[in-house]
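Every number here is computed from the coordinates shown, using simple stated rules; none is lab data. None of these values were measured; they are calculated from a predicted model. Ideal geometry is used to build each Cβ from the backbone, glycine not excepted, and the neighbour counts take in all protein chains shown.
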Amino acid sequence: MGDNKSTSAIRLSSGALRGRVAFGSVAERGAELAAEYYGEVSCVYLDPPFMTGGDFSLSRRLSNSSPRVALDVPAYSDKFDADGYSKMLREAVSLSRELLSDTGTLFLHVDSRASLLARQALDEVMGAENFLNEIIWAYQSGGWANTHFPRKHDVILFYSKTKDYFFDLTAVPCGTVGGRNSHMRRAVDESGRPCREILSAGKLYRYYDDEPVYPSDVWTDISHLQQRDPERTGYDTQKPQALLERIIKCSTREGDLVADLFAGSGTTGAAALASGRRFLLLDMSDTAQTAMLERFIGQPVTMDAPVSRGKPEIKLSKQTGLGIYIVSLQSFTLEEDMQAGLPPLVKRAAATKRGAAVSLVCGYLDSGVFTAYAGKKRDGKSLEPELSVSVPVYDGELAVLITDVLGRRFCLSVPDNIEGE
Ligand SMILES: C[S@@+](CC[C@H](N)C(=O)[O-])C[C@H]1O[C@@H](n2cnc3c(N)ncnc32)[C@H](O)[C@@H]1O
């Protein structure tokens, strides 16, 4: 049924927009984004490849129960020499500087492999005088080396654009005085309120147990995403939303615009939505675009159009209720050559009627823009998911957006003549 429709943009809900996801590299889209958003961004977060020499993927989990049925779809390659890496960083930091307002700040997230080159690029483009912090994000997850101390921290370099920057530490409390291990003496004040006290240079310092405490430049209270964390999208290098919420909240006010030029699975967007900020995301990986589409279903977000190639056989049905259409995916059959290379369990799942589909979003197409009114993602309970959604009846070209196990996205119109099938 139907060809992939030529769409210019996808809106994932009909409400007022809060976020935009652009597709392409910093080099490809930089000039256009700089012209459109020059000086409008309050905070840029950059989480580029770390020069690991590896390849990263998106795990498409079809079943949560044993045996695990999942396919790793390539997302991006992290193979750079030092010169190529420095060039890529300089391009991204230069674009960030153009996007930033004069009170804006930049966070560049790397690890010990790339921190020297990152610091050099930042000093050169942002100015060494605008360096604010080298934040250490320490965590426990991952393997355990015995040829050297296990490497258990990332480095987040924090710079401002000018000396007149916005920063609010009080927006990011990380506990209370009473909840912390402390060398101070426990006490109660005259009114019975619990506190800690310390005598220093003849002066008594008192901190109340219920007073908030704030993070220093060493962050140990945010853990890496665990394997079964419900926040996980399957994107290999996904960062925890709590990390991005801390970054966004201390550096922006509600309603401000935050940008991420290496967006991956869209964690910065998720954190911005949760904190009442707007966002601009960029990523050059087609797979990352699919991860973000599935993450933002139903959210006030616009994305660049799908460009996925291929022609799976797709059958839909449509029923009309009281002011609604119920649109269901009847079957989704992968092209034969695509099935050939699949691992046996995934191949078996994909051979069922809808086993290769991951999500269904339904809405209307108007002048090349697809606006979604309802969407559903498979929940991992069944190898053959029920993907059925109801949308209000409007005049217009009814259409669906479907993602598949291979990480592709397809937009096609729902024909009139399938009513009641
Ligand atoms: C470490 S991941 C980001 C992960 C993200 N912070 C998250 O939480 O999911 C880096 C991302 O940068 C993207 N990327 C690499 N080089 C790029 C470039 N030159 N322009 C835009 N995106 C790029 C990759 O496709 C990848 O998704």
The local net charge around His148, scoring Lys/Arg +1 and Asp/Glu -1 for residues other than His148 whose Cβ lies under 15 Å from its Cβ, equals +2
If you rank Ile10, Ile314 by fewest surrounding Cβ atoms within 10 Å, what's the result? Ile314, Ile10
Would you be so kind as to identify which of Gly202, Gly234, Val218 lies farthest towards the positive end of the dipole of the chain, taking Lys and Arg as +1 and Asp and Glu as -1 on Cβ and the Cα centre as origin? Gly202
Just the Kirkwood number for segment 287-360, please: inverse of mean 1/r across all distinct Cα pairs, in Å, one decimal. 14.5 Å
Loop-resident trypsin sites (Lys or Arg not before Pro) in segment 1-75 with no more than 15 other Cβ atoms inside 10 Å, DSSP not H/G/I/E/B, are Arg68
When a footprinting reagent is the concern and you count Cβ atoms within 10 Å, what order do Cys411, Cys174 take, fewest first? Cys174, Cys411
How big, on average over all directions, is the shadow cast by the Cα convex hull of segment 137-270, in nm²? 13.4 nm²
Among Val369, Val414, Leu334, flag the residue with its Cα farthest along the positive direction of the charge dipole of segment 313-418, charges on Cβ as +1 for Lys/Arg and -1 for Asp/Glu. Leu334
Tell me, what is the FRET efficiency for Glu231 and His148 to the nearest 0.05, using R0 = 41 angstrom and their Cβ-Cβ distance as r? 0.85
Taking N as the residue count of the chain, its alpha carbon Rg divided by 2.2 N^0.38 Å gives 1.11
Using the Cβ atoms and a cut-off under 12 Å, what net charge is assigned to the surroundings of Glu397, where Lys and Arg are +1 and Asp and Glu are -1? -2
Taking a virtual spin label 7 Å from the Cα of Val369 along the C-beta vector, which residues in segment 275-293 bring their backbone nitrogen under 12 Å of it? none
Can you list the trypsin sites (Lys or Arg not before Pro) in segment 276-385 that are in a DSSP coil and have 11 or fewer other beta carbons within 10 angstrom? Arg309, Lys381
Mean separation of Cα contacts under 8 Å, 6 or more apart, over the residue count of the chain: relative contact order %: 23 percent
Under the helix-only model (-39500 (n - 2.57) for each DSSP H run of 4 or more, divided by the residues of the chain), the mean residue ellipticity at 222 nm, to 500 deg cm²/dmol, is -5500 deg cm²/dmol
Grab every C-alpha pair in segment 313-418, bin the distances at 10 angstrom width from 0 up to the longest one, and report whole percents. 15, 47, 28, 9, 1
In what sequence do Ser390, Ser77, Ser285 fall when counting other Cβ within 10 Å, fewest first? Ser77, Ser390, Ser285
Given unit charges at Cβ for Lys, Arg (+) and Asp, Glu (-), the dipole magnitude of the chain about its Cα centre in debye, nearest 20, is 1140 debye
Which residue, chosen from Ile297, Gly84, Leu99, occupies the Cα position most advanced towards the positive end of the dipole of the chain, where the dipole is computed from +1 (Lys, Arg) and -1 (Asp, Glu) charges on Cβ about the Cα centre? Ile297
Suppose R0 equals 45 Å. What FRET efficiency, 1/(1 + (r/R0)^6) with r the Cβ-Cβ distance, do Ser390 and Leu199 give to the nearest 0.05? 0.10
For segment 179-325, what relative contact order do you get, as a whole percent, if you take Cα pairs closer than 8 Å and at least 6 residues apart? 13 percent
Evaluate E = 1/(1 + (r/R0)^6) for Ile324 and Thr170, where r is the Cβ-Cβ distance and R0 equals 45 Å; express this FRET efficiency to the nearest 0.05. 0.45
Computed on Cα atoms only, the convex hull of segment 74-168 has an orientation-averaged projected area in nm² of 8.0 nm²
Segment 61-101: mean projected area of Cα convex hull, nm²: 5.5 nm²
P(r), alpha carbons of segment 1-145 - 10 Å bins starting at zero, rounded %: 9, 28, 32, 22, 9, 1
If the chain between Arg309 and Arg348 were fully extended at 0.36 nm per residue, the gain over the current Cα-Cα distance would be 11.8 nm
Once you've got the Cα coordinates, tell me which of Lys315/Lys353; Lys239/Lys376; Lys353/Lys381; Lys152/Lys239; Lys353/Lys376 are over 20 Å apart. Lys239/Lys376
